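Have a look at the structure below, then the notes.
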Amino acid sequence: MSLPKLWSFHHILMLSVFTGAAKGYYFHHWSQCIYSYSDFSDMVFLDGFYFNKYLHVQFNSTVGEFVGFTEIGVRDAENWNKDPNILQQYRAEVDTFCKHDAELYGTAVHDKAVAPVVKLSLVKKGDSRRPSLLMCSAYDFYPEQIKVSWLRNGALVTDVTSTEKMPNGDWYYQIHTELEYIPKAGEKISCMVEHAGFSKPMIYDWNPPPVSEFEWSAPLLFTVGVAALMLGIIIAAAGFIYYKSKSMTI
Ligand SMILES: *[C@@H]1O[C@H](CO)[C@@H](O)[C@H](O)[C@H]1NC(C)=O
């Protein structure tokens with residue numbers, strides 16, 4: 001495109017004539033293709049010419065011609081809108097530039113979803129009075145968009161403690177969501193993950209560790225000790241009787 005070059009040259013030249021040595025002017029030309037449907041049916045081509053912070057003139061494919069926003073921008077828009085060649089070229093950009101490139105690059109990004117690996121873990125073990133802290137972690141997914149929610153007996157839990165999403169730094173992301181809850185018997189807690197890499201929402205049930213963990217309490221230890229002692233006495237007595245009966249027959 002020779003147009004932006006010509007325009008910037010013209011402006012920088014003009015400014016340096018009027019202001020002397022330039023302290024650093026910044027011209028930029030920003031082309032955007034905006035769309036949200038994979039068939040590009042709502043594709044819009046936007047082309048803006050900025051000098052320092054200001055947008056002077058813009059082409060919007062929905063409008064179909066240049067619109068000026070500053071005095072000089074209005075003048076440029078008038079001139080360019082009078083030129084059928086420029087207009088024809090810009091009106092074609094939505095197809096030749098936007099749709100063409102979106103098709104080319106889109107396939108490199110779309111349909112490249114990588115489903116997360118989901119893990120549930122117990123951060124803090126609670127009891128009937130103190131809440132437990134559960135964490136649902138999803139690792140190594142792409143793209144960034146994800147929804148992680150908690151379910152209690154299949155119903156959505158709204159008071160989620162915290163959620164943190166972060167980039168791995170390698171195009172993949174991870175997210176950690178914590179839930180604080182008082183464990184109740186017969187209750188099922190699950191983590192639901194929705195991501196483009198899955199064909200449907202995935203539900204991961206939390207399997208709490210066995211509740212009645214075996215503990216060596218003092219009375220239990222004493223009982224086992226006494227039982228072992230008595231068994232020892234019985235065996236010793238039996239051995240003594242056997243020995244006696246053997247020695248008597250000789
Ligand atoms: C482009 O022009 C259309 C029609 O005036 C407008 O609705 C739309 O917001 C414009 N797009 C942008 C990004 O300015």
Boolean, residue 155 is out of contact with any Cys (no Cβ under 6 Å at 6 or more places or on another chain) and modelled with pLDDT of 95 or more: no
Scanning the range 45-68 for residues that are over 15 Å from residue 28 (Cα atoms) and more than 10 Å from the ligand (Cβ to nearest atom) gives 65, 66, 68
Picking from 108, 115, the residue that is exposed (fewer than 14 other Cβ atoms within 10 Å of the Cβ), among the aliphatic types (A, V, I, L, M) and away from the ligand (no atom under 16 Å from the Cβ) would be 108
Per the list (1) among the aliphatic types (A, V, I, L, M); (2) under 22 Å from residue 117 (Cα atoms); (3) modelled with pLDDT of 90 or more, residue check on residue 160 breaks on (3)
Within the range 114-149, residues being within 19 Å of residue 185 (Cα to Cα) and either outside any strand (DSSP E or B) or under 16 Å from the mean Cα position of the chain (by Cα) (or both) number 7
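Residue-wise test of (1) more than 19 Å from residue 203 (Cβ to Cβ); (2) without any contact (Cβ under 8 Å) to a residue 40 or more places away in the chain; (3) surrounded by fewer than 15 Cβ atoms within 10 Å (Cβ to Cβ).
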residue	(1), (2), (3)
124	yes, yes, yes
136	no, no, no
146	no, no, no
179	no, no, no
187	no, yes, yes
With the first residue restricted to the range 50-78 and required to be touching a residue at least 40 places away in the same chain (Cβ under 8 Å), and the second required to be among the aliphatic types (A, V, I, L, M) and away from the ligand (no atom under 14 Å from the Cβ), Cβ contacts under 9 Å at 6 or more apart or on different chains are 51/12; 51/15; 51/72; 72/14
Hey, does the range 79-90 have a residue that's touching a Ser or Thr at 6+ places or on another chain (Cβ under 9 Å) and either of a type outside the set (Lys, Arg) or on the phi < 0 side of the Ramachandran plot (or both)?
yes
Regarding the range 192-207, can at least one residue be identified that is modelled with pLDDT of 90 or more, basic (Lys, Arg), out of contact with any strand residue (DSSP E or B) (no Cβ under 7 Å at 6 or more places or on another chain) and under 21 Å from residue 113 (Cβ atoms)? yes
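The values are calculated or read from the model by the stated rules, or taken from the named source; none is laboratory data. It should be emphasised that the depicted structure is a prediction, and the values quoted were computed from it without experimental measurement. Positions of Cβ are backbone-derived with ideal geometry, glycine not excepted, and every protein chain shown enters the neighbour counts.
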